[in-house]
Amino acid sequence: MTGRVAPGRVAPGRVAPGPVAPGPVAQAPPGAPPGARTIEEILAAARTRLRRLTPAEAFADVSRGAVLIDIRPQAQRAREGGIPGAIIVERNVLEWRFDPASDARLPWVHGYDQQLIVFCSEGYTSSLAAAALKDLGLGGATDIIGGFTAWAAAGLPACPPASAGTAARAC
């Protein structure tokens, strides 16, 4: 199978997205309501819809006009640092800020064709967030494998923790 990687493995040149449980994705426990899924199942389904980017790929795409979106809470940004120029939109309002049909959208959001690269701390929440943006019709939405932690570990431009930003843009 070309381009496919076995479960629990990481493709060459990619950063592991975090802890990888051996074997199949956990299923809802006995007694769960019909249709209930585990977070592992939900995350796996979300990621099948994304072309996730390594930090280096995300950096290259930003240089070609993609928009970086930091969805981490302010306390986490203050503790970890930030990425220069990233747009700060915390997770709890993300869909309203990027839905072109929403009255609460950001002023520069007018269409469905912008490449949006979402990141969180380690690349879990951002996968769910990017899938939600795809549900809104934003086909260019994706996330960074390993999140901000992987970005910083790759030595890409980052702001020190105290200056990560509280306004609409990071440092």
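Coordinate-derived values only; no laboratory data. Quick caveat: nothing in here was measured; it's all calculated off a predicted structure. Cβ sites come from the backbone with ideal geometry, for glycine too, and all protein chains shown count toward neighbours.
Annotations for the structure displayed:
- Of the chymotrypsin sites (Phe, Trp or Tyr not before Pro) found in segment 49-144, those in coil by DSSP whose Cβ has at most 16 other Cβ atoms within 10 Å are W108, Y112.
- What the phi angles of segment 93-100 give under the Karplus curve with 6.51, -1.76 and 1.60, with θ = phi - 60°, is a coupling list of 10, 3, 4, 5, 6, 10, 6, x Hz, glycine and proline written as x.
- For S121, distant residues with modelled amide H under 5 Å away: F148
- For segment 142-160, backbone nitrogen atoms closer than 19 Å to the point 7 Å from S63 Cα along Cα-to-C-beta are found at 144-145, 151-159.
- The value given for segment 39-163 is a Kirkwood hydrodynamic radius of 14.3 Å, derived from the mean inverse Cα-Cα separation.
- Spacing of the modelled spin labels on V93 and A56, each 7 Å from Cα toward Cβ, amounts to 3.7 nm.
- Each listed q (0.12, 0.25 Å⁻¹) maps to a log10 I(q)/I(0) for segment 72-139, found by the Debye formula over equal Cα scatterers with no solvent: -0.31, -1.21.
- Using a Förster distance of 35 Å, the FRET efficiency for A45-R105 (Cβ separation, nearest 0.05): 0.85
- Pairwise centroid distance, computed over Cα atoms, of segment 37-63 with segment 75-148, Å: 12 Å
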